There are 2 protein chains.
Amino acid sequence: MNGADALITTLADNGVTACFANPGTSEMQFVAALDREPRMRSVLCLFEGVATGAADGYGRMAGKPACTLLHLGPGYANGAANLHNARRAFTPVVNVIGDHATYHRVHDAPLNSDIAALAAPNSLWVRSAESADQVGALAAEAVAASYGAPGGNACLILPADAAWDESGARGAAIDPPGPRAPDPAAVAAVAQALRSADKPVLLLGSGACGEAALAAAGRVAASGVRVLTDTFTARQARGEGRFRPDKLPYFGEQALKDLEGVTLMALVSTLEPVAFFAYPDRPSVLVPPGCATLTLCDRGTDAAAALAALADALGAPAAGPVEPYASPPAPAGKLDAWAIGASIARHMPADAVISDDAVTAGLPIFTQTRNARAHDWLSLTGGAIGQGMPVAVGAAVACPDRKVLSLNGDGAGMYTVQALWTLAREALDVTVVIFANHAYRILGIEMGRTGGGEPGPAARRLLDLGDPRIDWVAVATGLGVPAERAETAEAFDAALERAMAGRGPRLIEAAMG
Amino acid sequence: MNGADALITTLADNGVTACFANPGTSEMQFVAALDREPRMRSVLCLFEGVATGAADGYGRMAGKPACTLLHLGPGYANGAANLHNARRAFTPVVNVIGDHATYHRVHDAPLNSDIAALAAPNSLWVRSAESADQVGALAAEAVAASYGAPGGNACLILPADAAWDESGARGAAIDPPGPRAPDPAAVAAVAQALRSADKPVLLLGSGACGEAALAAAGRVAASGVRVLTDTFTARQARGEGRFRPDKLPYFGEQALKDLEGVTLMALVSTLEPVAFFAYPDRPSVLVPPGCATLTLCDRGTDAAAALAALADALGAPAAGPVEPYASPPAPAGKLDAWAIGASIARHMPADAVISDDAVTAGLPIFTQTRNARAHDWLSLTGGAIGQGMPVAVGAAVACPDRKVLSLNGDGAGMYTVQALWTLAREALDVTVVIFANHAYRILGIEMGRTGGGEPGPAARRLLDLGDPRIDWVAVATGLGVPAERAETAEAFDAALERAMAGRGPRLIEAAMG
């Protein structure tokens, strides 16, 4: 077999069965090999940032890596922002990056670049297969590396000759490395500290927001400890039947106010919280004065097991409080994020997945859906906007029977608008909502906070998306996705109800300003 | 003044007066400072790849750098593919990359990454301003570094505190470093070798394709030496009144056939030609057997002066042959790239600029426009598609009185489709043509050449853009650009004639399959 066959076969043997691709000439052998490996589903994306974001969404929902197929250094770079988000979500992703034939690199042809150097900052593992006989073994290594724990990006560089030479050999089927078991001493120490602390909190990171971990965290809460999560988590089980922790506020001063007087912060699968950005004369670290911190488990540990052990050690009840389902009243009048959140809570079916790139609209909707039907919420983990639609693509490929909602600020949505075409092509069951406020609204808030003062005409023009106004219905329709615009809360509620009742891709432009 | 003021003032003092921006929170001080520096024109782009491509187009046409404003590592990464193209075009570009405040980096907040490591592979110069008092001096250094010679990317990392602290000081106004004077010994050696060679050619790189250099090259041609250019050049003066060199064919075997029997290749502002990609059992270097190579001047040298000296040394006539204007007949019937090329030659006004990201449609149009009115042709230099519309944005900002044509494959156009919005916002005089063949056509050709064989259903699906078909008229209209679709040669000819006669942005979808 050639190297490309060895690669795809080994990936499929190791459970990697989805490939989000934008190939070029140097990847033609990989593309040809897809016809010989029916286990691999390939999904064409019209920009690499869609492919990498989709792999992130897939990995968050499937709990195993997808692969991407990227075209040399520039193809990797186009996908790097969403791989940055994947890195911050600890999502396992295997990136296959095509390269020139090994002997061709020295000639520095136009597409040549230092791919390994580009990939390193985002990656747990970067290797190049310098000959076909290495490809299979490295593919197995890449899959193993992507799992971590915690997970992340593994990048396998595939020179064209390593793909086309016939000395390929299938790599091993590996046992995916799992998270470590919790440390009983850490559990005992945290239990004792929580018991004696005046005002303790438990802070959960991404790895502690799955269904089992949250159930255990709810037991801890029932024993009298306040539980919070990081502001942005990779995947959080929410809604009916789930324990609802508080969320650490985004703005540092609000977070510190919320934590005022806390004397002990126990960290679960996370680190000490820090401000998303620095601001003049404001602290970077969001631990209040006099508050001790203690770690229950790091990100490589099974947080659900650690939390269950902690709950047991605290003598917590067998079950914590969970949310009941409650349908908010139908929203009326002005269309804002609160009204949209109410509609989502009303109409979203059970087991839906929400991909959140909603920026300023995100928190109101997060709040409104606390009593919604059971769902998973996928946050923007790395701050690189343009994640929302690509992650929705991947989540829908991973979970074809679950409704996916993709929430996007209009600025964020434009970053990877090409994802709409893939939604249409693959007939994915994704409803895209665009919050059309015609501005980088968050920057209007941040301008003052960073000491920039009141924006003048030149500054205002860099925060404004309203000239011209983007017609999202036209854009989506042009890319094959049925779309409509809603200008009132009633119209949005009706549009969302229709979208939730149907199947397949659609877009609703929420006209908010 | 604060660091941001020091930066923008120093940039403007050094002739950097255009900023292609997509800012975020860490860049708010820079944005605020724009209101205090009226010399700087800022242009908002809805994706960083548009901003960097625009800076490339601006630099190619203005002969001086624009700056970009990018949001930390992910913002840089989003723009890196078009900076790869700029690197291969030797375009001076100053990239201002915002970063967390210096003291905040250690906390590894979500948007933190190793920006310098990411930027290094594409850059001549990368520095971070670690305090406000360094910013002005580093800004002047960055501008100087971007000029080279030859030019390239200079990246100035601007931590938020270096922008907001008040210890900023204006940097020096520098003299832009120019290219080196030619080496008389090299000129004499090449002249002698050309005289005695049996079958010599002169190969021109990007730096030797400006108006003066081509006029001198035409004189050399008149003395009996065949003159070719590299396949992709950053900016080539063409059409009426200009000398027309041949172009080295894209496919290696065609290039070697074209060069068969050549005994001497004199290199002007370029290196030995190499194949764009490697293919099984085909050579990488495109110098025929038995052909000697000799360098007239490297990329840092004034190629026009070197060529003029060479022409003098050869006793060449005072002027070489130049193209007359000739209008092709009106095309009729089937709409293909040859017909489109004829329409462009018929209707394109003098002094137009063509931004070519047309992939398979590019060569027919290049050929058809050889006798068109005088124009500049900007090629895809680095092979990273998605350059065409962004470069057109920058060219139009640099040259507001020149008509700009942006030629794009449909696959390439989707990469940076966000550029349409900036065309509309800035009312730039750009006509965008999309070659809607609903395929990555080039890959259908390359699949066989790389040994991939006949594509099966899975492979074909990764080369096909036809399901669903993109409605470019809807997409462009949605982003504010008036658009129409042409399905015949006659309809295209009429649409292009209207576009050339009018002003402002518009898009023509050329329905080609």
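The values are calculated or read from the model by the stated rules, or taken from the named source; none is laboratory data. Just so we're clear, the structure is a prediction, and the values are computed from it rather than from any experiment. Here Cβ is always computed from backbone atoms with ideal geometry, including for glycine, and neighbour counts include all displayed protein chains.
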In segment B:352-374, what residues are aliphatic (A, V, I, L, M) and either within 19 Å of B:PRO92 (Cα to Cα) or in the same structural domain as B:ALA208 (by TED's automatic domain parsing) (or both)?
B:VAL353
Do we find a residue being among the hydrophobic types (A, V, I, L, M, F, W, C), more than 27 Å from A:LEU83 (Cα to Cα) and either touching a residue at least 12 places away in the same chain (Cβ under 8 Å) or in the same structural domain as B:PRO23 (by TED's automatic domain parsing) (or both) anywhere in segment B:91-110?
no
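Yes or no, residue by residue, for (1) closer than 30 Å to A:MET500 by Cβ; (2) within 14 Å of chain B (Cβ to nearest Cβ); (3) touching a residue at least 60 places away in the same chain (Cβ under 8 Å):
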site: A:LEU264; (1), (2), (3): no, no, yes
site: A:ALA278; (1), (2), (3): no, yes, no
site: A:CYS291; (1), (2), (3): no, no, no
site: A:ALA316; (1), (2), (3): no, no, yes
site: A:TYR325; (1), (2), (3): yes, no, yes
Quick one: in segment B:445-476, which of the residues that are under 31 Å from the mean Cα position of the chain (by Cα), free of Cβ contacts under 8 Å to residues at least 12 places away in the same chain and more than 7 Å from chain A (Cβ to nearest Cβ) is nearest to B:TYR279 (Cα to Cα)?
B:GLY448
Starting from segment A:400-414, keep only residues that are away from chain B (no Cβ under 14 Å) and within 16 Å of A:GLY57 (Cα to Cα), then list their pairs with residues that are in a helix (DSSP H, G or I) and hydrophobic (A, V, I, L, M, F, W, C) whose Cβ atoms are within a distance under 6 Å, requiring at least 6 positions of separation or different chains.
A:VAL404/A:ALA392; A:VAL404/A:ALA395; A:VAL404/A:ALA396; A:SER406/A:MET389; A:SER406/A:ALA392
Just checking, does segment B:250-260 include any residue being of a type in the set (Gly, Ala, Ser) and either in contact (Cβ under 8 Å) with a residue 40 or more places away in the chain or not in a loop (DSSP other than H, G, I, E, B) (or both)?
yes
Residue in segment A:375-387 that is acidic (Asp, Glu), in the same structural domain as A:ASP351 (by TED's automatic domain parsing) and either under 25 Å from B:ALA77 (Cβ atoms) or over 13 Å from the mean Cα position of the chain (by Cα) (or both) present:
no
Touching a Pro at 6+ places or on another chain (Cβ under 8 Å), at pLDDT 95 or above and over 19 Å from A:ALA306 (Cβ atoms): which single residue out of A:ALA217, A:ALA144 fits that description?
A:ALA144
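Listed here are the residues, each with its yes/no results for (1) outside the structural domain of B:GLY409 (by TED's automatic domain parsing); (2) touching a strand residue (DSSP E or B) at 6+ places or on another chain (Cβ under 8 Å); (3) in a helix (DSSP H, G or I).
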position: B:ALA308; (1), (2), (3): yes, no, yes
position: B:VAL322; (1), (2), (3): yes, no, no
position: B:SER327; (1), (2), (3): yes, no, no
position: B:ILE344; (1), (2), (3): no, yes, yes
position: B:ALA350; (1), (2), (3): no, yes, no
Every listed condition ((1) surrounded by fewer than 24 Cβ atoms within 10 Å (Cβ to Cβ); (2) part of a helix (DSSP H, G or I)) holds for A:VAL391 save (1)
Could you tell me whether any residue of segment B:481-491 is within 11 Å of chain A (Cβ to nearest Cβ), surrounded by 20 or more Cβ atoms within 10 Å (Cβ to Cβ), within 30 Å of B:LYS64 (Cα to Cα) and at pLDDT 95 or above?
yes
Selection within segment A:357-399 - of a type outside the set (Gly, Ala, Ser) and within 14 Å of chain B (Cβ to nearest Cβ):
A:ASP357, A:VAL359, A:THR360, A:LEU380, A:THR381, A:ILE385, A:GLN387, A:MET389, A:PRO390
Conditions (1) assigned to a helix (DSSP H, G or I); (2) of a type outside the set (Phe, Trp, Tyr); (3) touching a helix residue (DSSP H, G or I) at 6+ places or on another chain (Cβ under 6 Å); (4) more than 14 Å from chain B (Cβ to nearest Cβ); number of the one not met by A:ALA154:
(1)
One residue is enough: does segment A:115-123 have a residue meeting the conditions in a loop (DSSP other than H, G, I, E, B), under 29 Å from A:ALA384 (Cα atoms) and more than 10 Å from every other protein chain (Cβ to nearest Cβ)?
no
Take the residues of segment B:157-204 that are assigned to a loop (DSSP other than H, G, I, E, B) and among the acidic types (Asp, Glu): which is nearest to B:CYS291 (Cα to Cα)?
B:ASP198
Considering only segment B:416-431, I want to know if a residue exists there that is buried (at least 19 other Cβ atoms within 10 Å of the Cβ), more than 7 Å from chain A (Cβ to nearest Cβ), within 30 Å of A:HIS100 (Cβ to Cβ) and not aliphatic (A, V, I, L, M).
yes
Would you tally the residues in segment A:280-299 being buried (at least 17 other Cβ atoms within 10 Å of the Cβ) and under 26 Å from the mean Cα position of the chain (by Cα)?
8
Residue tally, condition of a type in the set (Val, Ile, Thr) and closer than 20 Å to A:ASP312 by Cα, over segment A:203-247
3
Some residue of segment B:376-385 being crowded, with 24+ Cβ neighbours inside 10 Å, part of a loop (DSSP other than H, G, I, E, B) and without any contact (Cβ under 8 Å) to a residue 40 or more places away in the chain
yes
Any idea which residue in segment A:176-220 is nearest to A:LEU286 (Cα to Cα), counting only those that are among the charged types (D, E, K, R) and out of contact with any Gly (no Cβ under 7 Å at 6 or more places or on another chain)?
A:ASP198
